[in-house]
Ligand code: ADP
């Protein structure tokens, strides 16, 4: 059962998508922001490293140049050319130790011829010879001589390990010529850059003409940007230091940012969607339950209405029965009375055959009268009109009265009738008339359904509640009742026929036990049975010591807003004697005397 979903509620169900989309947009924006931060931080690092590398590079070359200056001063202050050579060589050794980047140191004359070289030996003289032949050398000598200042020239093919530079410093005063130092690019850049950039950044260096003169081994193919700085070289000119920022760097940090961020977003979306689906299911279930409870409520209302109608119909039935019963009593009494008069010979002697007919009429009329009385009792109990007149009562006096009534019946069947009453039983607060009616009924039944043996009436405290109740048991040694019938015999018009429906049964109405139990409950007690076929029966009347509670035994709704007369409809007056004449069924068994009572035809005790 599912209620149709309304348009607004469907719209409400989709409302969660907007915040989720906003969250997604913000999440992606956050990831992009962190990515940009990482990249800019990386670029800043590259810039800082480049600036430091440039300074180191310049310092490196400048240190070489200044040591060359010092060497020149040593040569300048030499007293003679020969001592100048010696001083050059000895100081050159010291300079080389302090600045190993200076590959070779040379002392040159005014024409640029080599006068001394350090380190000496084949390597030194070979380099000197190659330098002497190179056009850059002549250009350097010329420039240094003409300007009188330090000059640096590039040496593309002089050094054995690739390109390099030569620095020329003109010697003035007594000794004319130059001191020169040769440095290989590899020595300079490897020393100064690789250490500084720590292998994190790749670099390349261009000369004045834009040619690449050095490049780190792992120079990247894809570059997102270049950080460039000009490196000034002593004596003019400069190099361009280019540090590459790779396209995806810093790879690890960015990868971590994107994978963890996207994973988090995905998880959040998954959770929200799952939660949403679950709450949609709950909402659906709630709607179903609401619809169910609504239909249950409606069914309940219908049931209540039905119960009210049934109760009303039941009351109407009881009113009808009460009316009819009352109206039947008068003509019935007349029939019983006139029949008795006829049988007594008031209207002359009756032939044998007619007398038998009159006897049958008497029995049938008596039975009918019993039925009418009992129906009337039942109707009164059901409409709550049965009057209960409680008073302090001695139970044994009621037992005596009952015995007086039933003794002739027991005697007629040669059954032994005895009573046993416990000593010290207190008087109880109850309606003695109703108690007597119940006990007469139980005892009459016991006699009716027993052919041989005895009937015992016993009065004692109830074993289950000895301080609250008295238990009056009526035991017989009769036919007994199957346990499957124990409930049925207390229902209206129910009789047990051991041999099936067609079985002949002692004439009865099937109302006695029903009325007895209702009356007992009206008095705050109950009637119970214990019996088995062939083993006799025990009927127990339980009664409270104290007065019955106000609502005891009320099976019907109390007729709160009706008067009792209204409940019994119209001008009908119910004969109160009906209940004080419990001998109805007893009378059935005492037909000859009952038939002579014109007034009621009932045996009053
Ligand atoms: P009635 O006696 O008028 O038939 P009751 O309501 O008094 O109606 O009893 C209902 C049925 O219970 C009886 O018809 C009978 O079958 C059974 N019954 C009652 N008392 C006894 C008893 N003492 N022994 C055996 N059967 C009994």
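The values are calculated or read from the model by the stated rules, or taken from the named source; none is laboratory data. Every value quoted in this text rests on a predicted model; they were computed, and no experiment measured them. Counting neighbours? That spans all protein chains shown, and the Cβs are built from the backbone with ideal geometry, glycine included.
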Based on what the data block shows, is residue 429 closer than 17 Å to residue 519 by Cα, more than 16 Å from the ligand (Cβ to nearest atom), surrounded by fewer than 21 Cβ atoms within 10 Å (Cβ to Cβ) and touching a residue at least 60 places away in the same chain (Cβ under 8 Å)? yes
Search result, residues across region 148-174 that are surrounded by 13 or more Cβ atoms within 10 Å (Cβ to Cβ) and more than 22 Å from residue 84 (Cβ to Cβ): 152, 153, 154, 155, 156, 158, 159, 162, 163, 164, 165
Just the residues that are more than 60 Å from the chain's Cα centre (by Cα), surrounded by 12 or more Cβ atoms within 10 Å (Cβ to Cβ) and either free of Cβ contacts under 8 Å to residues at least 12 places away in the same chain or under 30 Å from residue 384 (Cα atoms) (or both), please, taken from region 314-337. 323, 324, 325, 326, 327, 328, 329, 332, 333, 334
Restricting attention to region 81-99, which residues are more than 20 Å from residue 150 (Cα to Cα) and in contact (Cβ under 8 Å) with a residue 40 or more places away in the chain? 81
Might you let me know whether region 458-467 holds any residue that is within 14 Å of the ligand (Cβ to nearest atom), modelled with pLDDT of 95 or more and more than 29 Å from residue 382 (Cα to Cα)? no
Could you tell me which numbered condition residue 2 fails, if it satisfies all but one of (1) closer than 30 Å to residue 166 by Cα; (2) at pLDDT below 85? (1)
Total residues in region 442-488, condition more than 17 Å from residue 410 (Cα to Cα), assigned to a loop (DSSP other than H, G, I, E, B) and touching a helix residue (DSSP H, G or I) at 6+ places or on another chain (Cβ under 8 Å): 1
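Within region 476-497, track down each residue that is near the ligand (Cβ under 8 Å from one of its atoms) and either more than 20 Å from residue 518 (Cα to Cα) or touching a strand residue (DSSP E or B) at 6+ places or on another chain (Cβ under 6 Å) (or both). Quick ask: steps written out before the conclusion?
Taking region 476-497 and keeping what is near the ligand (Cβ under 8 Å from one of its atoms), we get 476, 478-481, 485, 489-490, 494-497.
Of everything in region 476-497, those that are near the ligand (Cβ under 8 Å from one of its atoms) and either more than 20 Å from residue 518 (Cα to Cα) or touching a strand residue (DSSP E or B) at 6+ places or on another chain (Cβ under 6 Å) (or both) turn out to be 476, 478, 479, 480, 481, 497.
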Those residues of region 74-86 which are surrounded by 14 or more Cβ atoms within 10 Å (Cβ to Cβ) and assigned to a helix (DSSP H, G or I), in sequence order: 74, 75, 76, 81, 84, 85
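Okay, residues lined up against (1) farther than 23 Å from residue 46 by Cα; (2) touching a residue at least 12 places away in the same chain (Cβ under 8 Å):
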{"position": "219", "(1), (2)": "no, yes"}
{"position": "255", "(1), (2)": "no, no"}
{"position": "264", "(1), (2)": "yes, yes"}
{"position": "278", "(1), (2)": "yes, no"}
{"position": "300", "(1), (2)": "yes, no"}
Residue 244 passes all but one of (1) out of contact with any helix residue (DSSP H, G or I) (no Cβ under 7 Å at 6 or more places or on another chain); (2) modelled with pLDDT of 90 or more; which number fails? (2)
Taking region 207-227 and keeping residues closer than 27 Å to residue 155 by Cβ and assigned to a loop (DSSP other than H, G, I, E, B) leaves 207, 208, 209, 210, 211, 216, 217, 218, 219
Kindly establish whether residue 379 is touching a residue at least 60 places away in the same chain (Cβ under 8 Å) and exposed (fewer than 14 other Cβ atoms within 10 Å of the Cβ). no
When you go through 434, 442 one by one, which is the residue that is at pLDDT 95 or above, within 12 Å of the ligand (Cβ to nearest atom) and crowded, with 22+ Cβ neighbours inside 10 Å? 442
Residue pairs, Cβ under 6 Å, 6 or more apart or interchain, first in region 506-520 and on the phi > 0 side of the Ramachandran plot, second modelled with pLDDT under 95 and within 8 Å of the ligand (Cβ to nearest atom). List them. 510/494; 510/495
Cβ-Cβ below 6 Å, separation at least six or inter-chain, first residue in region 459-484 and in contact (Cβ under 8 Å) with a residue 60 or more places away in the chain, second assigned to a loop (DSSP other than H, G, I, E, B) and surrounded by 12 or more Cβ atoms within 10 Å (Cβ to Cβ): which pairs? 469/462; 471/462; 476/450; 476/536
Going by the structure shown, is residue 82 more than 60 Å from the chain's Cα centre (by Cα) and closer than 15 Å to residue 109 by Cα? yes
Selection within region 100-123 - crowded, with 18+ Cβ neighbours inside 10 Å and either without any contact (Cβ under 8 Å) to a residue 12 or more places away in the chain or not in a strand (DSSP E or B) (or both): 101, 102, 103, 112
Given the condition modelled with pLDDT under 95 and more than 30 Å from residue 25 (Cβ to Cβ), answer yes or no: does some residue in region 263-284 qualify? yes
Test for residue 418: is it part of a helix (DSSP H, G or I), farther than 24 Å from residue 492 by Cβ and without any contact (Cβ under 8 Å) to a residue 40 or more places away in the chain: no
